[in-house]
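**Student:** Sending over a structure as structure tokens; questions will come in a sec.
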Amino acid sequence: MDHEKVNILLVDDQPAKLLAYEVILKDLGQNLVIASSGREALEVLLKTEIAVILVDVCMPELDGFELAAMIREHPRFQKTAMIFISAIQVSDIDRLRGYEMGAVDYVPVPVVPEVLRAKVKVFAELYRKTRELERLNQDLEDRVRARTAELENSTAKLRESEERRSMAIAAGKMGSWDWDWITGDWMWDEGQYRIFGVGPESFAVNPANVQALLHPDDVDQLRKAIAEFNKGTRSYETEFRIVRPDGDVRWCVGTAAATVDDSGRVMRVSGVTVDITERKRAEERQTLLAREVDHRAKNALALAQSIVRLTRADEVKAYVSAVEGRINALARVHTILSLSSWQGAELSKLIDEELAPYSLGGQIKLAGSEVQLLPATAQTLALALHELFTNSAKYGALSTRTGRLAIGWQVEHELLTLTWEESGGPLVMTPKSRGFGTRSLLASVESQLGGQARFDWRAEGLLCRLEVPLVRKTAATTTPGNFEAASSAELQRASG
């Protein structure tokens with residue numbers, strides 16, 4: 001392998017000596033650089049990387065000792081090898097001075113070519129080896145720095161990945177686990193402990209303890225999974241329930257995968273557990289809601305059927321108008337209840353819905369605080385208010401521009417009292433018989449809600465007082481699903 005040539009500086013004020021040195025050192029195959037004075041040598045050193053300096057001790061201006069001292073003062077050349085050539089007999093003191101100036105060796109004149117060549121070669125090779133070692137060290141340091149940077153970058157990415165995984169597991173209510181099939185050792189991460197409602201400081205993960213947290217009806221799922229892996233199954237997924245130490249039941253879906261050796265024997269099983277309790281509960285609520293909607297739809301149709309069958313009128317137009325009005329009243333209250341997820345309805349909203357078709361300006365006065373009605377109460381009162389508004393618009397105060405209507409309500413001891421007071425309308429006379437609307441109003445308020453309905457047919461206008469308990473004590477009315485069917489029965493009795 002060819003080595004890189006090094007530079008050897010020859011310093012002497014006599015050209016003949018320089019030529020002699022060149023001839024002697026030519027066989028070394030190195031670059032020989034010539035300087036005829038100390039100052040010229042300094043200029044060369046500043047521009048060129050020199051391995052060995054061969055310098056004559058006796059030179060005008062700067063002798064060899066002075067040049068060596070100046071060279072050693074520069075940090076860059078403190079370790080550069082210098083060989084002194086002396087044509088005079090030097091004493092031990094001169095040698096010591098030379099060594100103090102940085103000389104590494106002395107060569108006397110006359111110069112023995114083999115000796116000079118051997119000494120220069122040694123220091124040239126030493127320089128080359130030193131530089132190669134420096135380059136190797138630098139290369140190694142660069143590699144170490146690059147590798148360290150890669151490791152730091154990899155570690156940072158791994159840390160970020162682990163943080164993202166932990167965040168995903170926490171947000172997704174997930175946990176991971178690992179089971180050594182040979183030793184029986186288990187490993188749970190933080191998410192797994194969180195799902196099962198236990199802590200690593202107090203819960204030892206082993207088959208017996210894990211099985212104790214499984215719902216009794218789902219213990220067989222664990223046994224089945226173990227059996228499947230023993231049969232050669234590589235992955236398994238199932239839904240199961242756990243019962244936390246505090247009694248909370250959680251639904252989970254577990255996915256597991258087996259790692260096997262070359263012979264196909266299971267070595268370990270790893271998996272992920274996801275808490276799907278909220279999803280399960282949402283599905284249950286959806287199913288329950290679907291059944292409830294189906295039930296309410298059937299009962300609402302039954303009630304509408306009763307309204308159609310039992311409504312009386314002298315002509316088709318009046319019949320259609322009465323049926324449409326009652327069904328629309330029922331639809332409006334259903335809309336209000338749907339918006340509240342069938343939790344109830346405010347009395348003022350029921351009245352506003354019934355007022356909407358009339359646009360009577362200042363003829364109607366309302367007074368009362370907010371009252372929240374149960375679904376059954378809201379439906380019954382909506383139909384009752386519809387009958388009152390319809391009769392008033394046909395025959396009472398709302399049939400003329402001069403008529404006035406005051407509706408007030410209050411609640412005391414869970415009893416709602418609603419007062420309907422008309423004035424300024426046509427002259428009122430006590431009816432000889434009650435119509436379907438009045439009979440159905442009485443039947444629904446008194447029989448269905450357990451309240452009372454009183455009518456005072458004053459000449460100046462109808463005065464009606466409805467008293468409705470807000471909390472029913474009978475089984476029939478405490479079950480919302482029974483309302484429409486019971487209302488249908490009351491309408492039939494009212495039509496008799």
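The values are calculated or read from the model by the stated rules, or taken from the named source; none is laboratory data. What you are looking at is a predicted structure, and each value in this text was computed from that prediction instead of being measured. For neighbour counting, all protein chains shown are included, and Cβ atoms are generated from backbone atoms with ideal geometry for every residue, glycine included.
**Student:** Would you mind telling me which numbered condition in (1) modelled with pLDDT of 80 or more; (2) within 56 Å of the chain's Cα centre (by Cα) Ala156 fails?
**Tutor:** (1)
Residue-wise test of (1) without any contact (Cβ under 8 Å) to a residue 40 or more places away in the chain; (2) aliphatic (A, V, I, L, M).
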{"residue": "Val371", "(1), (2)": "no, yes"}
{"residue": "Pro375", "(1), (2)": "no, no"}
{"residue": "Thr438", "(1), (2)": "no, no"}
{"residue": "Leu442", "(1), (2)": "no, yes"}
{"residue": "Gly451", "(1), (2)": "yes, no"}
{"residue": "Pro469", "(1), (2)": "no, no"}
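**Student:** Say whether the condition of being farther than 20 Å from Lys349 by Cα and either modelled with pLDDT under 85 or in contact with a Phe, Trp or Tyr (Cβ under 9 Å, 6 or more places away or on another chain) (or both) is met by at least one residue in segment 409-425.
**Tutor:** Scanning segment 409-425 turns up at least one residue that is farther than 20 Å from Lys349 by Cα and either modelled with pLDDT under 85 or in contact with a Phe, Trp or Tyr (Cβ under 9 Å, 6 or more places away or on another chain) (or both).
**Student:** Restricting attention to segment 105-127, report how many residues are small (Gly, Ala, Ser) and surrounded by 16 or more Cβ atoms within 10 Å (Cβ to Cβ).
**Tutor:** Keep residues of segment 105-127 that are small (Gly, Ala, Ser), which gives 118, 124.
Remaining after also requiring surrounded by 16 or more Cβ atoms within 10 Å (Cβ to Cβ): 124.
Adding up the residues that qualify gives 1.
**Student:** Do any residues in segment 177-199 that are in the same structural domain as Gln211 (by TED's automatic domain parsing) have Cβ atoms under 7 Å from those of residues that are basic (Lys, Arg), where the two are at least six apart or on different chains, and which pairs are they?
**Tutor:** Matching pairs, first to second residue: Asp178/Arg268; Trp179/Arg268; Asp180/Arg268; Trp181/Arg268; Ile195/Lys173; Ile195/Arg250; Phe196/Arg244; Gly197/Arg244.
**Student:** From the list Leu28, Leu10, which one is under 16 Å from Ile71 (Cα atoms) and at pLDDT 85 or above? If you could, list the steps in order and put the result at the bottom.
**Tutor:** On the way: Leu28 fails: under 16 Å from Ile71 (Cα atoms).
On inspection, the qualifying residue turns out to be Leu10.
**Student:** On the basis of being assigned by TED's automatic domain parsing to the domain that holds Ala81, surrounded by 13 or more Cβ atoms within 10 Å (Cβ to Cβ) and either at pLDDT 90 or above or of a type outside the set (Asp, Glu) (or both), does Leu19 make the cut? Give the steps one after another, and end with the answer.
**Tutor:** Values: assigned by TED's automatic domain parsing to the domain that holds Ala81: yes; surrounded by 13 or more Cβ atoms within 10 Å (Cβ to Cβ): yes; either at pLDDT 90 or above or of a type outside the set (Asp, Glu) (or both): yes.
Considered against the rule, which asks whether it is assigned by TED's automatic domain parsing to the domain that holds Ala81, surrounded by 13 or more Cβ atoms within 10 Å (Cβ to Cβ) and either at pLDDT 90 or above or of a type outside the set (Asp, Glu) (or both), Leu19 comes out as yes.
**Student:** Consider Gly184 carefully, then state whether it is at pLDDT below 90, out of contact with any Lys or Arg (no Cβ under 7 Å at 6 or more places or on another chain) and either β-branched (Val, Ile, Thr) or not in a helix (DSSP H, G or I) (or both).
**Tutor:** Working: at pLDDT below 90: yes; out of contact with any Lys or Arg (no Cβ under 7 Å at 6 or more places or on another chain): yes; either β-branched (Val, Ile, Thr) or not in a helix (DSSP H, G or I) (or both): yes.
For Gly184, the condition - at pLDDT below 90, out of contact with any Lys or Arg (no Cβ under 7 Å at 6 or more places or on another chain) and either β-branched (Val, Ile, Thr) or not in a helix (DSSP H, G or I) (or both) - is met.
**Student:** A follow-up question, please. Would you point out which residue out of Arg135, Arg95 is at pLDDT below 80, assigned to a helix (DSSP H, G or I), of a type in the set (Lys, Arg) and farther than 18 Å from Ile8 by Cβ?
**Tutor:** Details: Arg135 fails: at pLDDT below 80.
Answer to the selection: Arg95.
**Student:** Conditions: (1) under 19 Å from Leu463 (Cβ atoms); (2) out of contact with any Gly (no Cβ under 7 Å at 6 or more places or on another chain). Ala376 meets all but one. Number of the miss?
**Tutor:** Only one criterion in (1) under 19 Å from Leu463 (Cβ atoms); (2) out of contact with any Gly (no Cβ under 7 Å at 6 or more places or on another chain) is unmet by Ala376, namely (1).
**Student:** Still on this structure: Being surrounded by 23 or more Cβ atoms within 10 Å (Cβ to Cβ), modelled with pLDDT of 85 or more and part of a strand (DSSP E or B): is that true of Leu385 here? Reasoning before the result, please.
**Tutor:** Working: surrounded by 23 or more Cβ atoms within 10 Å (Cβ to Cβ): yes; modelled with pLDDT of 85 or more: yes; part of a strand (DSSP E or B): no.
Judged against the criteria, Leu385 is not a match.
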